[in-house]
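One structure is given below, encoded as C-alpha cells.
The values are calculated or read from the model by the stated rules, or taken from the named source; none is laboratory data. Predicted model, so just to flag it, every value in this text is computed and none were measured. Positions of Cβ are backbone-derived with ideal geometry, glycine not excepted, and every protein chain shown enters the neighbour counts. The protein model used for the area step is the full one, side chains on, heavy atoms only, and it has no ligands, DNA or RNA in it. Shrake-Rupley method; radii C 1.70, N 1.55, O 1.52, S 1.80 Å.
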Amino acid sequence: LSGGKMKSAHLLLPIIALSVLAMSSAQDQVAQLVGAHKEIAALLHATNSAPIMVRLGWHDAGTFDKDVTAPWPKAGGAQATIRFMPENGHGANAGLSKAIALLEPIKAQFPLVSYADLFQMASATAIEVCGGPRIAMKYGRLDGAEPDAHQGGNLPDAEAGPDGHFGGTGGTVPTKDKTPEGHLRKVFHRMGLTDQDIVALSGAHTIGRAHKDRSGLGADTTKHTDGTTVVRADGKPGQGATPGGSAWTENWQTFDNSYFKIIPDPAADAQLLKLSTDKVLFADAGFKPFAEKYRDSQEAFFADYAASHKKLSELGTKFEPAEGIIIDDAACSANLKAAVVA
C-alpha cells in the first residue's frame, strides 16, 4: 500500500473497532432481554405474581402527560421512576414495592436490561402467562433517574372520596370529577389514550384482587380468594403470597373476557367486585359499545387489549436505539414453555 492508503486504513481501524463493539453490545443486550424474559416467566409461574406485575407496569407508565412539553423525562411514563421514593410510597402504589423486590434478582442477573424494560416486560408477560394475548412489545427503554413528582395525582380512583368526587388536583392536570366516566376520561385522555383504550385496559381486572390495606376497597377475604379454589389458567393451585382480598372474577389468575360478562350481570356472585369505574363501562354511551363488544367476543377483546397495553407500555419512553429492540417470537414461546415445564 502507498503511504496515503496506509494512513487511510489506519484511520478506519478505530471506526471498525467501534462498530464491532457496538454490534457486540447490541447482541449482548438482546441476549440479556431474552434471558430476563425466561426468568420472569418462571417467576410468574412460581409465585403467582402476575396481577401485581401488571399493576406495576401500569402504574409506572400511567403518570404520562401528553401535554407536558419539557424535555424527557419530565412528562412521566414508563421510565421505572416508580422504584424511587416518594413515588413508590404514594397510596396508589401500595404493595408495589413487593413486585419490585421480586424483580431485583433478575435485574442483577441481567444488568443490561433497564428497570423500565424489566417492569414493562413483567407486566406484558404476566398477561400471557395467565392465558391472555401476546403483546408485541419492544424494548430498549432508558431509565428515569428521579421520582415523578406528580405520580400520586395522575392515577385513577376506583371510587369517589369522602367529598363525593373522584380524583383530585394533585397531578399535572386536575382529574377531579363528580362522575366515574368524567374522571376516567380526564386520567386516560391526558395520556393520549381513547375511550376504547379505557374499556380494553379495564378488562385486565379479569385478573387480580383489591386489598383493603392497599386501595381501601374490597373484603378481607371471599370464597374466591381464601385459597380453597383453583384460579390459574393452567389449572394448577396457587393464588399468590398475600391471601384474601376481593376479586372481580372467580378465576382471577386467568386472563379472559369474564370481567365483561360479570359486570353487567345482575345475577353475578355478590362476593365479586363491581366498582363504580367498572359499572360505568356499561352505562356510559361512549364506553358501552366497546364493553358489549368485549363481552360478546373474547377474540375482539384480546386483539384490542394487546394494542392498548402496548400503547400504554410505550408512553413517555425514550428508546435506545430509537427504533427499539424486538425479541424473537420463537424465543418468547420457548421461554414460556420452559416455565410451564419447570
Problem - Condition broken by Ile198, with the remaining ones in (1) part of a loop (DSSP other than H, G, I, E, B); (2) over 25 Å from Asn48 (Cα atoms); (3) of a type in the set (A, V, I, L, M); (4) under 22 Å from the mean Cα position of the chain (by Cα) satisfied - result: (1)
Practice task
Considering (1) in contact with a strand residue (DSSP E or B) (Cβ under 8 Å, 6 or more places away or on another chain); (2) closer than 29 Å to Tyr259 by Cα, say which one Glu314 fails and leave the rest.
Solution key: (1)
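Would you point out which residue out of Ser123, Ser97, Ser114 is of a type in the set (Ser, Thr, Tyr), more than 24 Å from Asp304 (Cβ to Cβ) and touching a residue at least 12 places away in the same chain (Cβ under 8 Å)?
Details: Ser123 fails: more than 24 Å from Asp304 (Cβ to Cβ); Ser97 fails: touching a residue at least 12 places away in the same chain (Cβ under 8 Å).
Testing whether each residue is of a type in the set (Ser, Thr, Tyr), more than 24 Å from Asp304 (Cβ to Cβ) and touching a residue at least 12 places away in the same chain (Cβ under 8 Å) leaves just Ser114.
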Practice task
Could you look through region 186-208, keep only residues that are in contact (Cβ under 8 Å) with a residue 60 or more places away in the chain and open to solvent by 50 Å² or more (accessible area, probe 1.4 Å), and pick out the one that is farthest from Arg232 (Cα to Cα)?
Solution key: Gln196
Completion exercise
Only unsatisfied item for Asn93, checking (1) touching a helix residue (DSSP H, G or I) at 6+ places or on another chain (Cβ under 9 Å); (2) at pLDDT 95 or above, is (2)
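Anything in region 144-172 that is more than 17 Å from Gly77 (Cα to Cα) and part of a loop (DSSP other than H, G, I, E, B)? List them, or say none.
Asp157, Ala158, Glu159, Ala160, Gly161, Pro162, Asp163, Gly164, His165, Gly167, Gly168, Thr169
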Problem - Residues satisfying the stated conditions in region 99-128, i.e. polar (S, T, N, Q), open to solvent by less than 20 Å² (accessible area, probe 1.4 Å) and more than 21 Å from Thr254 (Cα to Cα) - result: Ser114
Fill in the blank from the handout: Exception for Gly216 within (1) assigned to a loop (DSSP other than H, G, I, E, B); (2) exposed (fewer than 14 other Cβ atoms within 10 Å of the Cβ); (3) on the phi < 0 side of the Ramachandran plot; (4) not hydrophobic (A, V, I, L, M, F, W, C) falls at (3)
Exercise for the section: Residues being more than 19 Å from the chain's Cα centre (by Cα) and touching a residue at least 12 places away in the same chain (Cβ under 8 Å): count how many of those fall in region 250-268. Expected result: 8
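Answer yes or no: is there a residue in region 273-288 that is more than 21 Å from Ala122 (Cβ to Cβ), touching a strand residue (DSSP E or B) at 6+ places or on another chain (Cβ under 6 Å) and surrounded by 14 or more Cβ atoms within 10 Å (Cβ to Cβ). Step through it out loud before you land on a result.
First pass over region 273-288, keeping only residues more than 21 Å from Ala122 (Cβ to Cβ): 273-288.
Cutting the leftovers down to touching a strand residue (DSSP E or B) at 6+ places or on another chain (Cβ under 6 Å) gives us 273.
When the remaining residues are screened for being surrounded by 14 or more Cβ atoms within 10 Å (Cβ to Cβ), the result is 273.
Within region 273-288, one or more residues are more than 21 Å from Ala122 (Cβ to Cβ), touching a strand residue (DSSP E or B) at 6+ places or on another chain (Cβ under 6 Å) and surrounded by 14 or more Cβ atoms within 10 Å (Cβ to Cβ).
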Handout entry: region 310-342 - residue that is surrounded by 17 or more Cβ atoms within 10 Å (Cβ to Cβ) and among the small types (Gly, Ala, Ser) and, of those, farthest from Lys236 (Cα to Cα)
Key = Gly316
Exercise for the section: May I ask you to say which residue of Thr175, Thr222 is surrounded by fewer than 23 Cβ atoms within 10 Å (Cβ to Cβ) and assigned to a loop (DSSP other than H, G, I, E, B)? Expected result: Thr222
Exercise for the section: Could you grab me the full set of residues in region 96-131 that are touching a His at 6+ places or on another chain (Cβ under 8 Å) and β-branched (Val, Ile, Thr)? Expected result: Thr125, Ile127, Val129
Practice task
Residues being assigned to a loop (DSSP other than H, G, I, E, B), under 19 Å from Leu201 (Cα atoms) and in contact with a helix residue (DSSP H, G or I) (Cβ under 6 Å, 6 or more places away or on another chain): count how many of those fall in region 57-90.
Solution key: 4
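Do we have Ala268 as within 20 Å of Pro51 (Cα to Cα) and either among the small types (Gly, Ala, Ser) or open to solvent by 40 Å² or more (accessible area, probe 1.4 Å) (or both) here?
No; evaluated as a whole, the condition is false for this residue.
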